[in-house]
Amino acid sequence: MKHFCVIIDTRRGYARLGRCLRAIATAVTNDQGSVDIILVADRVRSRLVTLADQHGASIIKLPAGPRGQRYNTIANSVQTEALVFIDATAEVPPAWFMQIEDALHDYWNAVILTTQSRFPPWLARFYHPAGRTLALAIKRTWFERVGGFDPDLDNEAERDLVGRLMACHARVLQLTPNGDTQHPS
């Protein structure tokens with residue numbers, strides 16, 4: 001699985017999108033795989049076009065709506081084995097793509113990058129998952145198995161999808177930006 005499709009909804013965190021794309025570029029240079037970056041926007045501004053050009057991303061214009069619906073639209077239009085949804089405010093670690101490549105190839109069905117949990121790991125597993133989801137990488141087969149994102153959800157779309165994955169006994173690896181690992185399932 002060397003081909004990833006990164007999908008970023010640019011509505012939230014537009015001001016930090018440049019930092020997010022630079023972090024992705026750094027993580028991509030550390031991996032030998034292929035990464036397509038798709039920026040989802042309801043309004044295409046000149047700054048967005050400039051950022052897309054600088055980072056080899058494509059822009060897809062979709063009407064405003066819940067994030068779950070927008071993510072599903074893009075995910076259903078691309079053909080890759082792994083889908084990666086990254087929050088526009090997130091800065092993925094430099095080894096992110098190597099970590100998800102190894103995890104998805106070996107044992108795990110999904111990998112999430114979350115903010116540090118305020119709960120101890122043994123308790124965090126009951127709050128699927130603890131912390132805010134910054135990025136979610138998932139095998140397409142599992143994305144389709146659980147029906148993708150709930151199209152009515154916006155800010156909780158990722159958390160809901162991870163909760164449904166865990167309910168279906170998918171193997172979900174939870175990482176934090178500082179490298180801590182939790183195994184919620």
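The values are calculated or read from the model by the stated rules, or taken from the named source; none is laboratory data. Everything numeric in this text was worked out from a predicted model, so none of it was measured. Ideal geometry is used to build each Cβ from the backbone, glycine not excepted, and the neighbour counts take in all protein chains shown. Just the protein is used for accessible areas: all its heavy atoms, side chains included, with ligands, DNA and RNA removed. Shrake-Rupley method; radii C 1.70, N 1.55, O 1.52, S 1.80 Å.
Going through the stretch 79-91 one residue at a time, which ones are under 23 Å from Asn155 (Cβ atoms) and open to solvent by 10 Å² or more (accessible area, probe 1.4 Å)? Please lay out each step first, then the result.
Of all residues in the stretch 79-91, those under 23 Å from Asn155 (Cβ atoms) come to 83-91.
Correct list: Thr89, Glu91.
From the list Ala15, Ala23, which residue is farther than 22 Å from Val111 by Cα and open to solvent by 10 Å² or more (accessible area, probe 1.4 Å)?
Ala15
Which of the following residues is of a type outside the set (S, T, N, Q), open to solvent by 10 Å² or more (accessible area, probe 1.4 Å), over 16 Å from the mean Cα position of the chain (by Cα) and closer than 18 Å to Asp9 by Cβ: Gly56, Gly65?
Gly65
Take the residues in the stretch 131-154 that are at pLDDT below 90 and in contact with a Lys or Arg (Cβ under 7 Å, 6 or more places away or on another chain); name whichever of them is most open to solvent (accessible area, probe 1.4 Å).
Only one residue fits best here, namely Asp154.
Taking the stretch 148-178, which residues are in contact with a helix residue (DSSP H, G or I) (Cβ under 8 Å, 6 or more places away or on another chain) and either in a loop (DSSP other than H, G, I, E, B) or at positive phi (or both)?
Gly148, Phe149, Asp150, Pro151, Asp152, Leu153, Asp154, Asn155, Cys168, Ala170
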